[in-house]
Amino acid sequence: DGGITQSPKYLFRKEGQNVTLSCEQNLNHDAMYWYRQDPGQGLRLIYYSQIVNDFQKGDIAEGYSVSREKKESFPLTVTSAQKNPTAFYLCASTSYRDRVGYTFGSGTRLTVV
Amino acid sequence: AQSVTQLGSHVSVSEGALVLLRCNYSSSVPPYLFWYVQYPNQGLQLLLKYTTGATLVKGINGFEAEFKKSETSFHLTKPSAHMSDAAEYFCAVSDQHGDNYGQNFVFGPGTRLSVLP
């Protein structure tokens, strides 16, 4: 079955470390997105990519980086410059041609220890 | 620019009672509208969507929503709440005419639904 796979489900980061969250989709979707979710808050857009080798900053891109070398993959790196990285991270994708809604992954919970 | 408002960050209903979650949007063009549900520590799952055609849309788990253009609303309802409906619900809007379709997807702040026994 097609879908989006995020890994790992839980991730622990030490102060000063960079960590990378994986997001893979086999839906042949054009666009992919990373959102951050904090308790009691909605979704905040970190980065998005509409095509391979291109991506755009969202509302809260500082301290994060991404790459889009393959259509299927959109990894997110949380750098040491992100001062408050503890959150739930969601990856999503959509198809421009089909104009469907977003399909979401199951999320990665990142905790700073 | 599009925006979405959801009245009530937290709604409580008794089991078996009507569920009504409100969503209002602003958009300069006819939008695509969506409702998503999120259970704890999970991703968002599509409940239902309105694109064109019939304004009353039926989704999964017995939910439905009605697009009312004159009221710029897309409220979510379910006749009888079940304990398993307790979750966070997000309304979203997309500008279907935009060249960058995905870029124009806007989520509401969410409404947490509690179901009391």
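The values are calculated or read from the model by the stated rules, or taken from the named source; none is laboratory data. Everything numeric in this text was worked out from a predicted model, so none of it was measured. Using ideal geometry, Cβ is built from the backbone for each residue, glycine included, and neighbour counts are taken over all protein chains shown. Ligands, DNA and RNA are excluded from the accessible area calculation, which covers all protein heavy atoms including side chains. Shrake-Rupley method; radii C 1.70, N 1.55, O 1.52, S 1.80 Å.
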- Query: What total accessible surface area, summed over both chains, is buried at the interface between chains B and A, computed with a 1.4 Å probe and given in Å² to the nearest 100?
  - Reply: 1700 Å²
- Query: At a Förster distance of 22 Å, what's the computed FRET efficiency of A:SER73 paired with A:VAL113, Cβ-Cβ distance as r, to 0.05?
  - Reply: 0.20
- Per-residue average of other protein chain Cβ atoms inside 10 Å, peptide A:42-48 -> 4
- Message: Using all alpha carbons of chain A, what is the percent of pairwise distances in each 5 Å bin, ordered from the shortest bin to the longest?
- Response: 2, 13, 24, 26, 19, 10, 4, 1, 0
- Item | Phi to ³J(HN,Hα) by Karplus 6.51 cos²θ - 1.76 cosθ + 1.60 over region A:19-25, Hz, x for Gly, Pro | 9, 10, 9, 9, 9, 10, 10
- Task: List, in order, the whole-Hz ³J(HN,Hα) value for each residue of region A:103-108 obtained from phi through the Karplus relation with A = 6.51, B = -1.76, C = 1.60 and θ = phi - 60°; use x for Gly and Pro.
- Result: 10, 9, x, 8, x, 10
- Task: Would you grab the residues whose amide H sits under 5 Å from the one on A:ARG13? Only those 5+ places off in sequence or on another chain, please, with H modelled 1.01 Å from N.
- Result: A:THR111, A:VAL112, A:VAL113
